[in-house]
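Engineer: Sending over a structure as structure tokens; questions will come in a sec.
The values are calculated or read from the model by the stated rules, or taken from the named source; none is laboratory data. Note that this is a predicted model, so its numbers are computed, not measured. FYI the Cβ positions are ideal-geometry reconstructions off the backbone, even for glycines, and counts take in every protein chain you see. Keep in mind that these areas ignore ligands, DNA and RNA; they rest on the heavy atoms of the full protein, side chains included. Shrake-Rupley method; radii C 1.70, N 1.55, O 1.52, S 1.80 Å.
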Amino acid sequence: MRTVRACWLAAPILLGMTCGMACAAAMAQEATYPSRPVKIIVAFPVGGLLDTVSRVVGDKLSSVLGQQFVIESRPGAGGTLATAAVARAEPDGYTLMMINDNHAVNPSVFKNIPYDSVKDFAPIGLVGSAPMALTANAKVPVRTVKDLVALARQMPGTISYGSVGPGSASHLAGELFAAMAGVSMLHVPFRGGAPALNDLVAGHLDTMFLTAVVGMQQMKAGTLTPLAIAAPARVEMLPDVATMTEVGYPLEAAYWFGLAAPAGTPPAILAKLETALAEALAMPELRKRMTEMGAVVTPLGSKEFGAYIEAEMRKWSDVIAQNKITIQQ
């Protein structure tokens, strides 16, 4: 009896010691985080907008936290493959994701995606956005939006516009523009901005809603013609390009991007990442680089970013329903 009673009394003591040791180990890990390189997953190809932005931000995070931030591209299925992988990743702070507008749009586009855009992720912070310009290959005989509409009416269903994938912001912007203009255009989806840009420059694609981040060099070289910017005001990098509203089509479209982690990541690690991201985004050299690329830095903290994601999900769900946009997958 004494032996049994002693074991019974010892059990909670041992359990408490084990829990205490586990808690102490977890706290030690959080205090020394990051102690090894951190991956930032990007759901689109190398060379595109999200990849470029992630490398700029990752470089500054490395400076702030003293560890390398490695950018890993995993394109495919409109970003759902990479997003699902991050949702299932170990929530230890060593696998992050630079999410974008697809994160909010995909629930309205794809059926039965294997993750929840809200419940499976912990927002860290919004980085900013990049407004898109309706752009044409220079060999297409158009110099204004009016020219493009006239040509599309002459050749219904023939003039093509590219996108970074079904349901992406560039796709929805193209659909909205065609609906506003009352024209039929041919949608050509790609697996990211870089391959779409290549085909647009080569002339295999007629038009695309494109950011200056990936298209500015070709715009300056004259191989691409920016027709109008889908922003509330003209942008610094394209001061002579009118807004879509100015030319009669009140359409605003931009890619946004921000950092997130798998749900369940320890609060202390999330707080450290949020603080580091805010510090990085406040650096003048980062802001200068982003501005030169055609992006706008608009930081939001984790709580505000979470609310922003949910608002974007509601907005695009309404846009798709109200305009009866059909997504062919």
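Engineer: Would you check which residues across segment 192-205 are at pLDDT 95 or above and either crowded, with 24+ Cβ neighbours inside 10 Å or touching a Gly at 6+ places or on another chain (Cβ under 6 Å) (or both) and list them?
Structural biologist: Scanning segment 192-205 gives LEU200, LEU205.
Engineer: Looking only at segment 191-213, count every residue that is of a type outside the set (D, E, K, R) and part of a loop (DSSP other than H, G, I, E, B) and tell me the total.
Structural biologist: Final tally of qualifying residues: 4.
Engineer: When ALA228 is evaluated against the numbered criteria (1) in a strand (DSSP E or B); (2) hydrophobic (A, V, I, L, M, F, W, C); (3) closer than 30 Å to GLY306 by Cα, which criterion, by number, is the only one it fails?
Structural biologist: Failed condition: (3).
Engineer: Hey, could you check segment 287-302 for residues that are outside any helix (DSSP H, G or I) and of a type in the set (Val, Ile, Thr) and say which is least open to solvent (accessible area, probe 1.4 Å)?
Structural biologist: Restricting to residues being outside any helix (DSSP H, G or I) and of a type in the set (Val, Ile, Thr), the top hit is VAL297.
Engineer: Can you work out which of the residues in segment 45-62 that are small (Gly, Ala, Ser) and assigned to a loop (DSSP other than H, G, I, E, B) is least open to solvent (accessible area, probe 1.4 Å)?
Structural biologist: Once the filter is applied, the top-ranked residue is GLY48.
Engineer: What do you reckon, is VAL188 open to solvent by 30 Å² or more (accessible area, probe 1.4 Å) and either in a helix (DSSP H, G or I) or in contact (Cβ under 8 Å) with a residue 12 or more places away in the chain (or both)?
Structural biologist: Against the criterion (open to solvent by 30 Å² or more (accessible area, probe 1.4 Å) and either in a helix (DSSP H, G or I) or in contact (Cβ under 8 Å) with a residue 12 or more places away in the chain (or both)), VAL188 qualifies.
Engineer: Only one of these is under 19 Å from GLY93 (Cβ atoms), of a type outside the set (A, V, I, L, M) and not in a helix (DSSP H, G or I): GLY258, GLY306. Name it.
Structural biologist: Being under 19 Å from GLY93 (Cβ atoms), of a type outside the set (A, V, I, L, M) and not in a helix (DSSP H, G or I) holds for just one of GLY258, GLY306, which is GLY258.
Engineer: Select, from PRO226, PRO284, the only residue that is open to solvent by 60 Å² or more (accessible area, probe 1.4 Å), of a type outside the set (Phe, Trp, Tyr) and over 20 Å from the mean Cα position of the chain (by Cα).
Structural biologist: None of the other options fit; the residue is PRO284.
Engineer: So is THR298 under 17 Å from the mean Cα position of the chain (by Cα) and either within 17 Å of LEU50 (Cβ to Cβ) or without any contact (Cβ under 8 Å) to a residue 24 or more places away in the chain (or both) or not?
Structural biologist: Yes.
Engineer: Going residue by residue through segment 117-139, is there one that turns out to be within 30 Å of GLY301 (Cβ to Cβ), among the aliphatic types (A, V, I, L, M) and either open to solvent by 20 Å² or more (accessible area, probe 1.4 Å) or in a helix (DSSP H, G or I) (or both)?
Structural biologist: yes
Engineer: If you don't mind, there's one more thing I want to ask. For ILE99, are the conditions met, namely being buried (at least 17 other Cβ atoms within 10 Å of the Cβ), in contact (Cβ under 8 Å) with a residue 24 or more places away in the chain and more than 20 Å from the chain's Cα centre (by Cα)?
Structural biologist: So ILE99 fails the test.
Engineer: Same structure, new question: Which one is most open to solvent (accessible area, probe 1.4 Å) among residues in segment 63-76 that are in contact (Cβ under 8 Å) with a residue 40 or more places away in the chain and closer than 21 Å to ASP120 by Cβ?
Structural biologist: Among them, the one singled out is PRO75.
Engineer: Can you spot a residue in segment 308-325 that is closer than 22 Å to THR207 by Cα, at pLDDT 95 or above and open to solvent by 50 Å² or more (accessible area, probe 1.4 Å)?
Structural biologist: No; the residues of segment 308-325 include none that is closer than 22 Å to THR207 by Cα, at pLDDT 95 or above and open to solvent by 50 Å² or more (accessible area, probe 1.4 Å).
Engineer: Across segment 144-185, what is the total count of residues that are at pLDDT 95 or above, aliphatic (A, V, I, L, M) and not in a helix (DSSP H, G or I)?
Structural biologist: 4
Engineer: While we're on this one: Among the numbered criteria (1) modelled with pLDDT under 95; (2) assigned to a loop (DSSP other than H, G, I, E, B); (3) out of contact with any strand residue (DSSP E or B) (no Cβ under 8 Å at 6 or more places or on another chain), which single criterion is violated by MET216?
Structural biologist: With respect to (1) modelled with pLDDT under 95; (2) assigned to a loop (DSSP other than H, G, I, E, B); (3) out of contact with any strand residue (DSSP E or B) (no Cβ under 8 Å at 6 or more places or on another chain), MET216 is out only on (2).
Engineer: Okay, moving on. Among (1) at pLDDT 95 or above; (2) closer than 27 Å to GLY78 by Cα; (3) in a loop (DSSP other than H, G, I, E, B), which single condition is ARG36 missing?
Structural biologist: Every condition holds for ARG36 apart from (2).
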